[in-house]
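> Before we start, here is the structure in question, set down as structure tokens.
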Amino acid sequence: MAENWTAREAIAAVVDRGSFTELPDDGGGPSARTGDSDGPIGWPGYGALLARAGERTGEGESVVCGTGSVGGTEAVVVSFEFGFLGGSLAERTGDRLEAAYTVARERRRPLVSLIATGGSRMQEGMRALVQLQRVARQSALLRSAGVPQLAVLRDPTTGGGWATLGAGADVILALPGAQVGFAGSRVRPPGADPAAYTAEGQWAAGQIDAVVRRDEVAGSLAGWLRHLTAAPWDGPPEPPGPPAPYANRPATPTGWEAVTRARSPERPRAGAYLAAYFDEVREISGDRCGGTDPGVRCGFGLRQGRVIAYAAQCGTATLPADFRTAARLVRLADRLGIPVLTLVDTPGAANDAAAERAGAGAAIADLFGAMATARVPLTTLLIGEGGSGGALALAAPGNLWAARDSYFSVIAPEAAAAILKRTPDRVPETAGQLRLRPEDLVELGIARGVVG
């Protein structure tokens, strides 16, 4: 089991000194609701359990809620006390959580959850379990209001606490070695791989954004809050400007030369563009469906004090997990009112059997849908290869720019030649006929201009 904090130790670790103010509590509880010291379902000895939990922890319930600043950003903070009946969710927990979500929504402050829970409190039966619906509704209301939610998974984070506050957050961080999963350790199938129920296992499966050391949690949260709540654009958000070129290059004389330039290992890649464009970045990880891959970098960057979301292909064949992560990024940015920059650079979508089994078509369709329905401005710079639909899915409709070292094509020239039953020596000719140069894209009305 990973080293853990109490609820108030976790708060003290992340909230700026002296800034935390606990939300008022009505003092109610299971006995106050029902007049029965053994709770809403009459569990024998429940009242005594509550009394002992309170004496042992100094808390009146399994969660502490309040407001405070994290790295200078005002937030609503929710922290679970695992020592109070395993941090379990009960009716009174639901009362406190609903109050915290309401304050976050009304004051438009991000919600930070510091979670350590074993799930719903069995001593309150179904009255405890339905609190998950209550929390889920409040989370959905906060999401609809465009207020970000961040979670830190302590040890353990299981059951309904993981399936609502944890997995439902926009950005999810976890402590090393923390137990994370819907099934707690005592209710898993015999022989289940224990690694799948750890923070590291969930990160590898694309379910959380980062595993963060205990001494780095405060800084990581502060950085994320800066990026997600940075000063808004004046008035409606404007489209991000495309990144500047690395060198002024002459026009591309032939289609095949455009392909050769785009495939050159010497040209700048996504990492170089992002480093030059942003002052600081924070990256999300994973598609929340079991997949993660470094082929597309997604996150939020600060540029001259303003925040821009980005999704950048890194020159490899794009996997279904990459498309789903990019779609997740676009939808999150859209909810928060943050404009999006995309960098296109891929020979195409991965097309092997594994990609098909992982749902390549559905993942591409999902990203097309996210880009098509985004209300925030989108800007795309084509920085290398633009391989068919796998590249187009990440392209902003009507706001595509092209670097000199790039091409965009309905199909790779080699594949086009093969389909047309042409010999390999005719591939360069085919490239020219496809009209894939940056200059061709402008003439065809596909790109707005050539950068550099």
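The values are calculated or read from the model by the stated rules, or taken from the named source; none is laboratory data. This is a predicted model, so every value here is computed, not measured. Because the Cβ atoms are built from the backbone with ideal geometry, glycine has one as well, and the counts that use them run over all protein chains shown.
> Based on this model, can you work out whether Ala199 counts as hydrophobic (A, V, I, L, M, F, W, C) and touching a helix residue (DSSP H, G or I) at 6+ places or on another chain (Cβ under 7 Å)?
The answer is no for Ala199.
> List the number of the failed condition for Arg96; all other conditions in (1) in a loop (DSSP other than H, G, I, E, B); (2) among the charged types (D, E, K, R); (3) touching a Cys at 6+ places or on another chain (Cβ under 7 Å) hold.
Going through the list (1) in a loop (DSSP other than H, G, I, E, B); (2) among the charged types (D, E, K, R); (3) touching a Cys at 6+ places or on another chain (Cβ under 7 Å), Arg96 breaks only (1).
> Within the range 134-149, work out how many residues are aliphatic (A, V, I, L, M), touching a strand residue (DSSP E or B) at 6+ places or on another chain (Cβ under 8 Å) and not in a helix (DSSP H, G or I).
Of all residues in the range 134-149, those aliphatic (A, V, I, L, M) come to 135-136, 140-142, 145, 147.
Narrowing the set further to residues that are touching a strand residue (DSSP E or B) at 6+ places or on another chain (Cβ under 8 Å) leaves 135, 142, 147.
Within this subset, residues satisfying the condition of being not in a helix (DSSP H, G or I) are 147.
Within the range 134-149, residues that are aliphatic (A, V, I, L, M), touching a strand residue (DSSP E or B) at 6+ places or on another chain (Cβ under 8 Å) and not in a helix (DSSP H, G or I) number 1.
> Filter the range 265-287 down to residues that are over 22 Å from Gly219 (Cβ atoms) and surrounded by fewer than 20 Cβ atoms within 10 Å (Cβ to Cβ), then give me how many there are.
Applying the first criterion (over 22 Å from Gly219 (Cβ atoms)) to the range 265-287 yields 265-273, 276-277, 287.
Now restrict to residues that are surrounded by fewer than 20 Cβ atoms within 10 Å (Cβ to Cβ): 265-266, 268-269, 271-272, 276.
Looking only at that region, the number is 7.
> Looking only at the range 35-58, how many residues end up being acidic (Asp, Glu), surrounded by fewer than 18 Cβ atoms within 10 Å (Cβ to Cβ) and assigned to a loop (DSSP other than H, G, I, E, B)? Give the derivation first.
Going through the range 35-58, the residues acidic (Asp, Glu) turn out to be 36, 38, 55.
Still in the running and surrounded by fewer than 18 Cβ atoms within 10 Å (Cβ to Cβ): 36, 55.
Among the residues that remain, those that are also assigned to a loop (DSSP other than H, G, I, E, B) are: 36.
The total comes to 1.
> Follow-up question, since we're still on this one. Among the residues of the range 154-172, is there at least one that is β-branched (Val, Ile, Thr) and farther than 19 Å from Arg335 by Cβ?
Restricting attention to the range 154-172, the residues satisfying the condition of being β-branched (Val, Ile, Thr) are 157-158, 164, 171-172.
Subset that is farther than 19 Å from Arg335 by Cβ: 157-158.
Within the range 154-172 (the criterion being β-branched (Val, Ile, Thr) and farther than 19 Å from Arg335 by Cβ), the answer is yes, since at least one residue qualifies.
> Looking only at the range 314-352, count every residue that is within 19 Å of Phe278 (Cα to Cα) and in a strand (DSSP E or B) and tell me the total.
Residues in the range 314-352 being within 19 Å of Phe278 (Cα to Cα) and in a strand (DSSP E or B): 6 in total.
> Mind telling me which of the residues Leu378, Leu394, Leu367 ends up being without any contact (Cβ under 8 Å) to a residue 60 or more places away in the chain, crowded, with 21+ Cβ neighbours inside 10 Å and closer than 30 Å to Leu150 by Cβ?
On the way: Leu378 fails: without any contact (Cβ under 8 Å) to a residue 60 or more places away in the chain; Leu394 fails: without any contact (Cβ under 8 Å) to a residue 60 or more places away in the chain.
Among Leu378, Leu394, Leu367, only Leu367 is without any contact (Cβ under 8 Å) to a residue 60 or more places away in the chain, crowded, with 21+ Cβ neighbours inside 10 Å and closer than 30 Å to Leu150 by Cβ.
> Is there a residue being more than 24 Å from Asp293 (Cβ to Cβ), assigned by TED's automatic domain parsing to the domain that holds Arg303, of a type in the set (D, E, K, R) and within 30 Å of the chain's Cα centre (by Cα) anywhere in the range 359-372?
Scanning the range 359-372 turns up no residue that is more than 24 Å from Asp293 (Cβ to Cβ), assigned by TED's automatic domain parsing to the domain that holds Arg303, of a type in the set (D, E, K, R) and within 30 Å of the chain's Cα centre (by Cα).
> So which residues in the range 299-313 are polar (S, T, N, Q) and either in a strand (DSSP E or B) or touching a strand residue (DSSP E or B) at 6+ places or on another chain (Cβ under 9 Å) (or both)?
Here is the first cut: in the range 299-313, the residues polar (S, T, N, Q) are 304, 313.
Gln313 - this is the single residue of the range 299-313 that is polar (S, T, N, Q) and either in a strand (DSSP E or B) or touching a strand residue (DSSP E or B) at 6+ places or on another chain (Cβ under 9 Å) (or both).
> Sticking with this structure for a sec: Being under 22 Å from the mean Cα position of the chain (by Cα) and not polar (S, T, N, Q) is the filter here; which residues of the range 73-95 pass it? Before the answer, list the steps.
Within the range 73-95, the first condition is being under 22 Å from the mean Cα position of the chain (by Cα), and the residues that meet it are 73-79.
Across the range 73-95, the qualifying residues are Glu74, Ala75, Val76, Val77, Val78.
> Restricting attention to the range 108-133, report how many residues are within 23 Å of the chain's Cα centre (by Cα) and not in a loop (DSSP other than H, G, I, E, B). Break it down into steps so the answer makes sense when it comes.
We begin by selecting, within the range 108-133, every residue within 23 Å of the chain's Cα centre (by Cα); these are 108-117, 132-133.
Imposing the further condition that a residue be not in a loop (DSSP other than H, G, I, E, B) reduces the set to 111-117, 132-133.
Residues meeting the conditions: 9.
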